[in-house]
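Coordinate-derived values only; no laboratory data. Values in this document were obtained by computation on a predicted structure and should not be read as measured data. Here the Cβ positions follow ideal geometry from the backbone for every residue, glycine too, while neighbour counts run over all protein chains shown.
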Amino acid sequence: MAHFLRIKPLTLLILQALAFSAQAQEAAPVTEVITVFGQGQTRQLQKLTQDDLAKALPGTSPLKTLEKLPGVSFQSADPFGAYEWSTRFSVRGFNQNQMGFTLDGVPLGDMSYGNNNGLHISRAISSENIGRVNLSQGSGAVGTASTSNLGGTVQFVSMDPSDKMGGTFAQTFGSDSTFRTFVRVDSGLLPSDTKIAVSLTRHRSDKWKGEGSQDLDQFNSKLVQRFGDNKLSVFYNHSDRKEIDYQDMSLEMTRRLGAKWDNYAPNFQQAVNAARGIYTAGETSIDDAYYQASGLRKDDLAGATLEVNLTPSTVLKTTLYHHHNEGQGHWYTPYVATSAAMPISIRTTEYKIGRDGVISDLTWDAGQHSINGGFWAERSLHNVTRNYYAVIDNRDTNTYLSNPFRTDFKQDYTTTTTQFYLQDTVSMLDDKLKLNLGFKSPKVAIDSVSVVGTRAAGSVVATKSFLPQIGLNYALTKDDELFASLAENMRAFSPGIGGVFSQSQASFNASSTSLKPETSTSLDLGYRFKRAQMSGSVAVYHAEFKDRQLGIANCPAIVGCASTFANVGKVITNGVEAAAELKLAPQWSWFNSLTYNDSQYKSDYLDGAIVPVSGKQVVDAPKLMFNTELAYENEHWFARTNAKFTDKRYYTYLNDASVPKFWLLNLTAGYKMKSFGALKDVSIQLNVDNLLNKDYFSTIGSNGFSKSDPSGTSQTLLTGAPRQMFLTIGGKI
């Protein structure tokens, strides 16, 4: 830890220097449009570059940086967007569990909180090491390593080590005792044509309300070795995260107790009294607050990619990867007593994952044709356990616990995934027309063994031998193009805490033979343009979901009863989205995006009785979103202000309960110098999140969605963070 502590005097020195700096400004550069609109692609695609990511608050989830793009809804109860229990990311009505995510081609699964097939991007890599993020709103490429992408895909690409030897540092401090240190060292290009980068990140931040912290330690490393025209890339990343939870709220609780209400910690006696039905702070229910809750995750992710030019027109790219995860979710529960004298115990959900996989991709450029094909195979061993541990007093128990006094269930899962794909991109009419034809054949088999408890054991298979994808791009002029794409996709069944095996054995046996995986058909039509001072895109889209599976919450989450699975049949989505970036002047740019999304259930479902959801809006899918961002940058000064409108969102399937629409305003401003003494690219940056201190609900569905909540008592909401301010000092050596 000593190397972290040595940075503090350096940051103070830079602050002093900047305070007295009065350097004359050099000629201002022309700002570049840094949001790329996917020119030449046959589907809707946008890209954020490292320049854009660098303006975000260090430690911000890369998912949050995407919220300015059309179609994207991102919510989190913390200003970094990294608090995983609260993170909700959706695109065009597809929620996070229905999208695909990769890092350097390695699958991250659906990034669900209850880990089962991957890990969250905030744990996979430090945000400072990401070089590019690609978002495909409608449908990702057929070769994407994902079996959850009913909707779009997000591809994260890490930065390569620099050709120049040196170091990079950034120190952030601010609201809620935030202290984040990032240090990176690059070897530069060695005589062996090798370059290496390693980094350390230490993040400490208190919750903005209640007691507890959000802590993260990360190690990232990457090696790139050149062999003539061939390239080997190897990375190893380690993450150790601990986050203390916020109390899940309801509309009624917020009115009665206020938006800043939270769990009881550090007042342990108050939690004990409440467990015995003695309320002293306005509570009326045992579920209004618990003593504390937390999530612990440790991850090791490694990958190696060899890219070989077999011939001048043929490239073979193969990736091997491994992921190991251990996690525990803690919840002090008043529903299970430690003893007659202690009415509280610690309920845990415990996870382990061991994934190994290979991805191989061959591309052959043959005149007008670019033929691409390959396969992906993965074997994942996963288990989930529900344990209870004794509580003695208010001592810190946010560590990995062992020796429970009770186990409700333990399940082991083996998931085997294979996917083959083939596509051909044909260039015609003097390269004005590009036609892409392809398909993929995914198969996911899950075997469940019930070691303890009554949850289901058995096997399910999701497979499709032919999922086609067709796309075209036609260049009207060198600056104007039309694009269209049509794709079919499948989402495989999920193991884990909330998957199909969370049912009783009898329920699983009754439904397993008729279970069908979710499928979707998505159509995109769009227009892209670019001018000297402006670029943008407009797209209309239509999507049909079949066999949509809904998990229906039947009790407070802390009780732990399984959700009901309902096949709601068809869901139809129609929408339009537009985005444009304008250079107002050499130093000024203005970005705007607009989304109108109408997602509706088209079939009633049976849950004891008929639930009439046909014609109702899909939960957590705002109809209207608008984003506007004004940016200024010259040789030394930069500033950016962003305002995002999010329409009301339903959290019940019958649409009888929702959270209000809201605007959020954020600000970034800073000063930079090319050099200061021995330092280079020195900068000081101020980030203000929720500048106007708006009260709003961020996450909905934190404890799942229910069919109805007319009284507003469903505890499945999280309030957004108030105004937060952060200062970052950074530079290179």
When a/c is below 1.5 the answer is rounded, else prolate if a/b is larger than b/c, else oblate, so apply that to the range 626-690 with a ≥ b ≥ c taken from the square roots of the Cα gyration tensor eigenvalues. prolate
Between Ala510 and Phe405, what FRET efficiency follows from the Cβ-Cβ distance if R0 is 41 Å, with the result rounded to 0.05? 0.75
Please find the FRET efficiency linking Lys602 to Arg255, where r is the Cβ-Cβ separation and R0 is fixed at 41 Å, and quote it to the nearest 0.05. 0.75
Between Leu433 and Asn655, with labels modelled 7 Å along Cα→Cβ, what's the label distance in nm to one decimal, could you check? 4.2
How far is the Cα center of the range 240-289 from the Cα center of the range 418-445, in Å? 53
Measure of size requested: the Rg and Dmax of the range 371-530, with Cα atoms as the atom set and Å as the unit; please supply both. 23.6, 76
I want the local charge near Leu654. Using Cβ-Cβ distances under 14 Å, sum +1 for each Lys or Arg and -1 for each Asp or Glu among the other residues. -2
Nearest-0.05 FRET efficiency for Leu482 and Ala609, computed from C-beta distance (R0 41 Å): 0.25
Within the under-12-Å Cβ sphere about Val682, not counting Val682, Lys/Arg +1 and Asp/Glu -1 give a net charge of +3
Share of Cα-Cα pairs in the range 33-118 beyond 19 Å, in percent? 45
Work out the length of the dipole vector of the chain about its Cα centre, built from +1 on the beta-carbon of each Lys and Arg and -1 on the beta-carbon of each Asp and Glu, and round it to the nearest 20 debye. 280
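Please compute the net charge surrounding Gly81, taking Lys and Arg as +1 and Asp and Glu as -1 over other residues with Cβ under 11 Å from its Cβ.
-2
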Unit Cα scatterers, Debye sum, the range 208-277: log10 I(q)/I(0) for q = 0.13, 0.20, 0.25 Å⁻¹: -0.61, -0.95, -1.13
Placing +1 on each Lys and Arg Cβ and -1 on each Asp and Glu Cβ in the chain, then taking the dipole about the Cα centre, the residue among Gly100, Ser514, Leu119 whose Cα reaches farthest towards the positive end is Leu119
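Based only on Cα atoms, what Rg/Rh ratio does the chain have, Rh being taken as Kirkwood's radius?
Looking at the chain, the ratio lands at 0.95.
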What is the P(r) of the range 234-371, as percent of Cα-Cα pairs per 5 Å bin from 0? 2, 8, 13, 12, 11, 8, 7, 7, 6, 6, 5, 5, 4, 3, 2, 0
Integer Hz, Karplus 6.51/-1.76/1.60 couplings in order for the range 120-130, x for Gly and Pro: 6, 4, 5, 9, 5, 6, 5, 4, 5, 9, 8
When ranked by the protection proxy of mean other Cβ atoms within 10 Å per residue, highest first, what sequence do the peptides 234-244, 670-680 form? 234-244, 670-680
Report D for the range 118-271 in µm² per second (integer): Stokes-Einstein, Kirkwood Rh on Cα pairs, 37 °C, 0.692 mPa s. 173
What is the Cα radius of gyration of the range 650-733 over 2.2 N^0.38 Å, N being its residue count? 1.73
Order of 537-545, 172-180, 584-592, 138-146 by packing, highest average Cβ count within 10 Å first? 138-146, 537-545, 172-180, 584-592
Estimated D of the range 293-379 in µm² per second, where Rh is the Kirkwood radius over Cα pairs and Stokes-Einstein applies at 25 °C, 0.890 mPa s: 144
What ranking do 255-264, 223-232 get when scored by the average of other Cβ atoms within 10 Å per residue, highest first? 255-264, 223-232
